[in-house]
Structure formats: structure tokens, C-alpha cells
């Protein structure tokens, strides 16, 4: 071809990215791979980022420490894994009755979300870039369907984080198992139910074989966001060109990951239902009590955690505005299309 | 700072981008500006793309010709403006009862959408990159509300393209006015109604002052996509680094434009309603007949246009799968959130 080569005087920069996810979650892990690949292409191979699965360089949930102390230059993770450090991390991913995927992206890109979360993450020497979203998740796998709020009393459910706190207020016995242990716990009956992601990921783990009832929606994960976390000093040391490449490549990974889920979930759901999985919607009394308890919890956290309060105040105002608007054009279009045989 | 500079041996490449839009549509025009800015930053100023508003270099609707014959290297436009060349262009933006914004992006990024549309655009020496989406639009401004299908008979409505063809089957008298002429036509009463975009853009043009009733949803634009159109020879002549930069910067512009609309529409809708605008939902009989006529039209086009048939067959299969899946987690979450006072 006629394309001239670009000569780079700069020596090669090599970074390591620690993912919190296994390679088997190809939708999520693939977003980090796409990010690294694109940065490599744009820099003519002079900015190389190697992508490492969870556990390879450090534990999956050790990546914030790893970025904070500079063991690795960057990570790909779900901020809400780190609510043990500060519950404010949850607002970077999802909280019960939060934002849907598009709303979360709008809050980040064009609302105050990214600015506020970066201000918070700066305490951990981190600068963040949105790095994908799963979309609204399914409500998990149940050995028996939930038909009323009282069915949750004493139910042993695998879930984590803020969701666990709301569930406990509903009488649920929360078990925070890692993903790899869910199947066996459901099979043995040491738990009664487990929530994970959605049809595409859940089918791979085979939960349908050990729990026949599949709930919707995950009112706790309407649009959970992943993030690229970068050590602020490492980022600050980059040439302006490479900073801009990170911004653009992260955006591409962000939009591509949601598209991966959207394109793969329908067929997986069809397979599940064909294989005997029964879908049920969380009853209204259950949703209503969960909503009430979630709002009470957020008020309590706001009263004692100024970082949370600052971000949540903006988040909740944005959520209110979004739902006002979505009622009309978006919901009007979607609900009609979903009612048609197309 | 410690950041080393990157030395570029290559001489500067200068491209011109012809937009089909005025600068006043800051949400859309801004996406092209963001794209060019990011490419400039990533290349250290060595790949410069100047962005020109509609009419500046060529007529707003002349940009496909401009890219095809190489007058400009690239354009930012809505493919459906070019249905006069071939109605298949409409599938690159939106058709009545098509995909919503996220579904359109999924079809493009992870379905067959981008591959199929690029195969079609290649006939015009064009390679396309998704370059933004407005989200579901509002159904336009009416001097009197539509309460039943029969109200459309003889109604003089400003709209364009495939929507116009469906509207004509409903008895509407279609007037394809440019955006700048809509206000005066509504004010003078030479038209009875006009559809444009949504609250943020419509408020700027002041349609609320001359037509009090605002319909939803725009069943003809559930998720209209904009595209960057690039001359295939110009693109082919770029170094691999710059090709990758175009891919990533277009992705960022794509996701950012939707976020702009999402962040700005709620406040504009609030202002409109506070100023006296009355919202109405298109009646079910009207939606149902429009749906029926749209599907009949698509079958007729498929019978005589092989390019359309090839793309539409895939598009409609993807639409069916998406709506199956969206009924559960997405709709379950969104409908609950929209019913709450949050």
C-alpha cells in the first residue's frame, strides 16, 4: 500500500493491566483485551499493555491495592467490589434502584458522575475511565419461585455488597460466595438462591441445572458499570498522545462491552427457556419493600459518610431527571415494540 | 512534567469533514468536533481534521456525493437523508418500528449491522463508522392532539423519508420541509404538525410557541444513528495507527453524543411542560395501523430491492431477538423505576 509508516522516536512503554475477571467471562475480559489491542495499534506498538486475568498477578479483589501502590499501572474491575474500603465505591458500579446502562453512561460522560467519582478515587491514587456495562441483569436463580415478600424470610441467597445489606433488611440470609463456588452450593442445597449476571454468563456456569426458577429484574443492578482504574502517577507520566489514546480506547471498550451483552443475551435466554428454565418476575410487594429499605439505607449512609453523600446527592438528582424523561419517548417506543410480534 | 514527547517523522495529514448539520445542533455537531479533536490529540497534531457545518463546503444533503467523489475525505451525517439514492440508506439510521439506541449499537458493533451496511456503502466509495445516536425521539408538534387514527386523514405533517411513506398510507399529507422552515410553516398554518428531534433540540427552535401539543413516541425514530462516512481510498491510504485512531475516536463520539442527549433532554422537557406544552401519547389504533403499514411497506421494498432485502432480513431478525430479551430485565427495571418517586 501507499500508507507511510510513522516513526516513533520514543522508546516502548509497557504497562500491566490486572483484571478482576477470569478469561471465561469473555464479554467483560474481552473489553480489557480490546482496550489494550487498540492502544497498541494506535501507538504503532510503542505503548503495550498486557492484560492479566484475575488471580494471575494478584487476587481478583486486590486490584485497587495493586493500582494504588503501583504494583500494576492499571486494572479493569467493578468498583463495587471495594465497598469494604468505602461504600462510596458502589456508586461507581451500581446500587439497588440506581441508573440503567444508558443513564449511567450519561451521568459519567455528560453529568457530574465521572468528575465526582474521580475526586473520590483520587484518595486511592486512581483515575478512572468507564470500561463497560452489562445492562440490566437478571434477578438470579431460585430453587423455588418467590411469590410474595414473606418468601424471602430466611432465604439463603448468594449476593454481595450493598445489595446484601438491602436483602438482609428483607429477612434474607446473605452468603457472599465467589462466582466459582455458586454452582456447588446450589447443587448441595447449602444456599437456596444465587444472583450472578444474566443469561449469557449464567448459562456458561450451568446454574439452570441446579435451580429451575430465574427471576427478573435485578433491581439491584439496572446498569452496572465496569471501570479502568489507572495509577494517577503512571497516567500523569504519559505523553499527551497516549493519554488521549487511553480516553478513546476506553470509550470504545465501554460501548463494545454493552453491545456484546446485548447481542449475546437473547440467544442464551432462548436456550435456557427451551431447556426448562422458568422465568418469574419479582412480586410488587417485594420490589416495594426493597425500594423502601434501599432508600432508608441510603439516607443512613448519607448521614455518616460525607463522600457518599456528596456523590449520591448528585446521582439521585440525575436519576430523578432521567426517569422523568424516559417515561415518554423511550418507554413509549420500547413498550410498544415489546408488545409486537416482530 | 516527565512526559517524553513523541517525535513524528511523518508530515501532517489534513482532512476536511463536511457535516450535514448546523453548529446550532450542538449535540450532533459536537460529536464531529469531539472526533476531530481526539484524533488531533492522539496524533500529536499530525492528523488534523477540520470540521465544516452543513452548507459551508457543500449542501447539507450533498455530503454523500462529496465523499464519493473525494471532494472531502469524510462527512458526518444521517444516512437516511439519502433514501433518494437507495432506500437501503434508511437502515443505517432508523426506520419506523426499528431498533432503539442500544439495540442499534449492538447490531452495529456485535451483530451484522456494520458489516452489511459497509458492504452497501462501498457502492458509494464509503466506509462508515457509527457516529452518535439521539435516542428515541418525540413524536412532534401538533396544533391539535391526535386522539384516533382518523385524525391523521388530511393532516399536513412535516416529515421525511420512509416515515413519510408510512404516514401517506395513513392518509397524512406529507411535507418534506428543511428544519429551518418548520417554525414559520407552523406559525402560518400551512402545515398542521411537524416532527423534528426531541425536547433539547425542539426547544431551541421554539416549536412550542406555535403548536401546543407534543406527541410521543416517535415510532419512526426509536434510535436513529448518525455515521461518519469516509472515502474508502482516503481511509485506505492512512497509516495503520491513524486507522485505529479513527475507529476509537468515532466510538467515543458515538457514546458521547447519546450521553449529551440523555443529559440535556430532561431539563428541556421540564421547561416545555412548565411553559404550557401538553404531552400526548399516540393512540393505540394509530400505532397499530402505522405498524401494519410499515411492515407491508418493508415487504414490498424487499420484493424489489435486493440490497434492502439482504440488510433488512438480518435487521428484523436482530430486532425480534432484542425485543424478546428486553421484555424481561431491561423493561422490568425501567418500568419499576419510572413508576417510583425517586
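The numbers here are math on the coordinates, done by the rules we state, and not lab data. Just so you know, these numbers come straight off a predicted model, no measurement behind them. A quick note on method: Cβ atoms are made from the backbone with ideal geometry, for glycine too, and the neighbour counts reach across all protein chains shown.
Things to note:
- Fewest-first sequence of B:261, B:81 by Cβ atoms within 10 Å of each Cβ: B:81, B:261
- Averaging 1/r over each pair of different alpha-carbon atoms in segment B:141-211 and inverting the result gives 12.2 Å, the Kirkwood hydrodynamic radius.
- With R₀ set to 45 Å, the beta-carbon distance separating residue B:153 from residue A:267 gives a calculated FRET efficiency near 0.55.
- Residue among B:273, B:63, B:39 with the largest mean-square fluctuation in a Gaussian network model of chain B, springs linking Cα atoms under 10 Å: B:273
- DSSP beta bridges fully contained in chain A are about 45 percent antiparallel.
- Mean separation of Cα pairs under 8 Å and 6 or more residues apart, divided by the residue count, gives chain B a relative contact order of 23 percent.
- Segment A:229-342: C-alpha gyration tensor shape, a/c 1.5 cut-off, then a/b vs b/c: oblate
- Counting DSSP beta bridges with both ends in the protein assembly as shown, the antiparallel % (nearest 5): 45
- Across segment A:21-134, the relative contact order, built from alpha-carbon pairs under 8 Å that are at least six residues apart, equals 20 percent.
- Computed over segment A:200-342: relative contact order in percent, which uses C-alpha pairs under 8 Å that are six or more apart: 36
- Under a Gaussian network description of chain B, with springs only between Cα atoms under 10 Å, the residue in B:225, B:68, B:322 that fluctuates furthest is B:322.
- Number of partner chain Cβ atoms within 10 Å, mean per residue of A:62-69: 0
- Distance between the pseudo-spin-label points of residue B:11 and residue A:115 (7 Å out from Cα toward the beta carbon): 4.3 nm.
- Whether the protein assembly as shown is rounded, prolate or oblate, judged on the alpha carbon gyration tensor where a/c under 1.5 counts as rounded: oblate
- Residue mean of other protein chain beta carbons inside 10 Å, B:250-261: 6
- With respect to chain A, whose longest principal axis is taken over its alpha-carbon atoms, helix A:306-326 is tilted by about 70°.
- C-alpha long axis of helix A:26-42 to longest principal axis of chain A, angle in °: 20
- Additional length obtainable on full extension of the chain from residue A:292 to residue A:23, 0.36 nm per residue less Cα span: 93.1 nm
- Binning all Cα-Cα separations of chain B at 10 Å, short to long from zero, yields these whole-percent fractions: 5, 24, 33, 25, 10, 3, 1, 0.
- Label zone at residue A:85 (point 7 Å along Cα-to-Cβ), backbone N below 20 Å, segment A:93-115: A:93-95, A:113-115
- GNM remark for chain B: springs join alpha carbons under 10 Å apart, and the peak mean-square fluctuation among B:177, B:324, B:25 falls on B:324.
- When each of A:214, A:336 is scored by the number of other beta-carbon atoms lying within 10 Å, the sequence from fewest to most is A:336, A:214.
- Partner chain coverage, peptide B:38-45 - average Cβ within 10 angstrom: 5
- Residues B:65, A:201 arranged by fewest to most Cβ contacts within 10 Å: B:65, A:201
- Distance from segment A:76-117 to segment A:128-188 (C-alpha centre basis), Å: 19
- Semi-axis lengths (Å, descending) of the ellipsoid that matches the C-alpha gyration tensor of segment A:100-175: 33, 15, 10
- Cα gyration tensor shape for segment A:161-272, rounded if a/c is under 1.5, else prolate or oblate: prolate
- For segment A:33-108, the Stokes-Einstein estimate of translational diffusion at 4 °C and a viscosity of 1.567 mPa s comes to 90 µm²/s, using the Kirkwood hydrodynamic radius over alpha-carbon pairs.
- Fraction of antiparallel bridges per DSSP, segment A:105-245 only, in percent to nearest 5: 70
- Rounded Å value of the spacing that divides the Cα centres of segment B:28-69 and segment A:197-273: 31
- Protection-proxy order for peptides A:187-194, A:95-102, each taking the mean of Cβ atoms within 10 Å per residue, highest first: A:95-102, A:187-194
- Acute angle (nearest 10 degrees) that the helix A:240-274 long axis makes with the longest principal axis of chain A, alpha-carbon atoms: 30
- Cα principal axis extents for segment A:1-144, largest first, Å: 62, 36, 36
- Label geometry 7 Å along the beta-carbon vector: residue A:274 inter-copy distances in nm: 5.3
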